[in-house]
């Protein structure tokens, strides 16, 4: 119903019981209440006193209505319960009890007071909606109760965020979850916890976190919100969506919990259809929380500790090792021989094939201080420290399926994030309040090889079996020779809010200072290839790759830089009528760069501009307008338009500092026939194992290396968001309690980031199908990061919800369907400029065109259902179900450029595109053997082979593209249906006021019921299916080497295709 209408005594009771209306507020750590007080005659009541009391802590906030009867209270704690008392001279006081406030939501509270001829105090009972699940427009909120109902074996914020209709989670190899909001790149989201950004801002992790697992303990979260298009000017730092969490605080009562969660491979399935899974894992989590008063009504504390422990599985190993996947043609005896030789010659331990421990620890500590009735403060400390063991099998020379890496080639990825936060919330008058925040965060990422990184990488040939060469690699893999990242963030924020008449005006300033110290020195210890065990024993290598600083000190390759991000904003929230609220504001952001990029004179001479461009002086204006209109007692219309910026990984800028082509040298020789005598002891000065003659040769060459640069016209990426929605609660008795919503969201990308190779800016000829053909062979690589106005999306969402009580228990139901049509230029799949340039299916890599996005989920249906009943008197049983059915991931049909770079005559990209995992150019699909672009010499002129190719086209999805170029991401992997279930049972505890709860989380419950259900397939990285190779001959495509069907499919069936159960037990006191 229309909760903003002027309410009588009966109406207010109905409104509060149903859950008072809320409107989106800022990306903050608090909530707020805005209201209007009127008399029985409908006139505004000035001077009324509104007292808002947080019952658990005794904290009170007092507001006075202005001449328009309006009051506003900001900076309130999330949750509750609150008691709100409204009184005025000559009127009977009204009291609203048991009110809970949601994060990022302003509670609208219209009140009508009766004259004092009645002495009865009006008391109504509020709603616990702030503890549950709510979805309004493009915003989803989960209170404490709803968070406890989320099915999540990983105890991950992403699993809660997935409940939003516009959120889509793609699971990657190894189990990482990529969260896309409204079809945007998963790197373009923001995650804030207690007002501090905890997303992966540098851009190295697939999960979007700066940590291996969720950066905050799930048991420490009080409330969570997911916003797709919040038009308040305080929101920014994303172009996808934002997730905002606030942590728990202490109260006047001591309270806490102890929990334990366990799962292993015996609690998981082992097959889906014909696909067998040999899982090997064991995981356990310990959780403890404690909160209470230090000084009653004045000072409170809350602490949480979370420790995850796991034994990393041995995924690959030699025959007889017991690994999940054994390499049959490499034996334990082979490993022993190599180990003995390397130990004897170099004194290096190549490692073994054993499982390693993995852990993740989280600490949270909060202090809340009620300074006085008008001022309060909150101090927060957060620490997350975790690691993961990563098996590495390939190296520079060899394809991964031919190679097995010993544990010295593996690495331990460690990540530590530490934050200190201080907030002060002040009410200076009834009309003016401020919020001040200062925060310091440090992030340290290490990638250390298990047996140390101060040794070369060796690849040792063992034998050839059925055409497959088998190698053992030892020593740190090339990317771990020098790899570390340290980041420091300092943030200050001041917001003022002033209420006057029907207007609430907000103004604010923010500044964030970011310092980056990034070392990425691949091959700085050298990589060698040995053709036999005998060559290994003689220290005689047949290939060498070496990259380092010209000083031969990898630390000189460090990119030490930073930037300062400043914001000013103003917003007016105008209650135009009792039914219509309009918010209008503007935000101005500008950047200052710290550090310098070395100028490469060779780059300047070749291309006429400098490689030293940075973000200094870049700025952007972000206007926002939104409205909420209560069209009737049962219908609400909402919408807005605004521009958003931020979220793009800073590593894309950091690459310009790391790769200037001036500081580094490189030596590459593979296949020339030359041999190299590998030093058996490290150089006394450099500690390296590089032949002196190679170092002497490099010393006499002026550096002219690969360059990454920002284009002169590079600008801040932004997205315009436009939304319109309606929510309706039917008046029909048969549909009582149901709420139906429909929303549409349009996104328009501006200054989207893309990459091109400056060496081949213009085509040298034209391909048979009209595309440009380039020559990218002249000079060192020159990848430029630029901007383009390409890409847009439109999404439609329908939802329905209802909560009701019966004798059979309490029910809570929500369902949604979202349709998405998302187009972008296929950008930002990697952290390096070279990969971002080459690792996606392209029509023309130099001139990107918008096409279906890798992140599009075209059809997405979700259902959330909860049932609660006391099957045992006094002890609740709760069953929670989350179901999702979705269309598959998109992919493209491409040329297989493993054998020929069809659109690059110079072969400059072949070094990249010849790798099996690199995407190619979109395939030209002939309509038959007589297609004018189909060379008669295709497949060596073999008509049978030619017809086999045409038959494959006609029997596949390619048939729709005959006679043209296949569309980017024009097809999809199979649909998937996943059902997750959580069962909670309360049991008697030591004391009546305590609670013991046991949990069972079942992910992919459908596969538990039927082995053929719950299958999840994904197209491998780069979202491409390479079909066939080709050359251009006399204006036609000469096709050859048609891939097998399995190679073309390029599909991976994920481990999440089988069921898994986690057991948990928790004691609350």
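Coordinate-derived values only; no laboratory data. A quick note: this is a predicted structure, and the numbers were derived from the prediction, not measured. Virtual Cβ from ideal backbone geometry, glycine too; neighbours counted across all protein chains shown.
Determine the relative contact order of the chain: mean sequence separation of Cα pairs under 8 Å and six or more apart, normalised by residue count, in whole percent.
Taking the mean separation of contacting Cα pairs over the length of the chain, I get 9 percent.
Which of the peptides 584-597, 480-493 is most tightly packed, and how do the rest follow, judged by the mean count of other Cβ atoms within 10 Å per residue?
480-493, 584-597
Report the label-to-label distance for residue 875 and residue 538 in nanometres (one decimal), using points 7 Å from each Cα along the Cα→Cβ vector.
A separation of 7.6 nm, rounded to one decimal place.
Given Cα pairs under 8 Å that are at least 6 residues apart, what percent is the relative contact order of the stretch 461-527?
37 percent
Rg and Dmax of the stretch 39-91, Cα atoms, in Å?
12.4, 37
Return 745, 314 ranked ascending by Cβ neighbour count within 10 Å, so the fewest neighbours appear first.
The order, fewest Cβ neighbours first, is 314, 745.
Once you compute Rg and the Kirkwood Rh from C-alpha atoms, what is the Rg to Rh ratio for the stretch 382-494?
With Rh from the inverse mean 1/r over Cα pairs, Rg/Rh is 1.35.
By count of other Cβ within 10 Å, fewest leading, how are 275, 510 ordered?
275, 510
Percent of Cα-Cα pairs per 10 Å bin, from 0 to the last occupied bin, for the stretch 508-591, please list those.
Spelled out bin by bin, the stretch 508-591 gives 14, 19, 16, 14, 11, 11, 8, 5, 2 percent.
When Rg is the radius of gyration of the Cα atoms in the stretch 212-348 and Rh is its Kirkwood radius, what does Rg/Rh come to?
1.20
Neighbour counts of other C-beta atoms within 10 Å: give me 416, 748 arranged from fewest to most.
748, 416
Quote the convex hull volume per residue of the stretch 272-349, based on C-alpha atoms, as a whole number of Å³.
Output value, Cα hull per residue: 168 Å³.
Provide the FRET efficiency to the nearest 0.05 for the residue 279-residue 383 pair, computing r from the beta carbons and using R0 = 45 Å.
FRET efficiency, residue 279 to residue 383: 0.90.
Just from its helices, what would the mean residue ellipticity at 222 nm be for the chain, if runs of 4 or more DSSP H residues each count -39500 (n - 2.57) and the sum is divided by every residue, rounded to the nearest 500 deg cm²/dmol?
Mean residue ellipticity, 222 nm, calculated: -2500 deg cm²/dmol.
Would you mind computing, in nm to one decimal, how far apart the modelled labels at residue 697 and residue 266 are, each placed 7 Å from Cα along Cα→Cβ?
Each label point lies 7 Å from its Cα, and together they span 5.8 nm.
Once you put a point 7 Å from the Cα of residue 95 and another 7 Å from the Cα of residue 490, both along the Cβ direction, what distance in nm separates them?
5.0 nm
Report the extension gain between residue 1051 and residue 815 in nm, rounded to one decimal, defined as 0.36 nm multiplied by the number of residues separating them, less their alpha carbon distance.
81.9 nm
Rounded to whole Å and ordered largest first, report the semi-axes of the equivalent ellipsoid of the stretch 925-1024 derived from its Cα gyration tensor (root of 5λ).
57, 13, 10
Inverting the mean 1/r over all pairs of different Cα atoms, compute the Kirkwood radius of the stretch 659-715 and quote it in Å.
Radius from the Kirkwood sum: 14.1 Å.
Given a Förster radius of 51 Å and the C-beta distance between residue 674 and residue 588 as r, what FRET efficiency does 1/(1 + (r/R0)^6) yield to the nearest 0.05?
Once the sixth-power term is evaluated, E becomes 0.30.
Give me the log10 of I(q) over I(0) for the chain at q = 0.04, 0.05, 0.07, 0.09 Å⁻¹, as the Debye formula computes it from C-alpha points; what are the numbers?
-0.22, -0.35, -0.68, -1.10
Could you work out the equivalent-ellipsoid semi-axes for the stretch 689-754, taking the square root of 5 times each eigenvalue of the Cα gyration tensor, largest first, in whole Å?
Semi-axes (√(5λ), whole Å): 64, 18, 5.
Seen from all sides and averaged, what is the projected area of the convex hull of the Cα atoms in the stretch 659-801, in nm²?
19.4 nm²
With r defined as the distance between the Cβ atoms of residue 621 and residue 440 and R0 fixed at 30 Å, what FRET efficiency is calculated, to the nearest 0.05?
0.55
Any chance you could run the full-extension gain for residue 598 through residue 736? It's 0.36 nm times the residue separation minus the Cα-Cα distance, nm to one decimal.
Extra length from residue 598 to residue 736 when fully extended: 42.9 nm.
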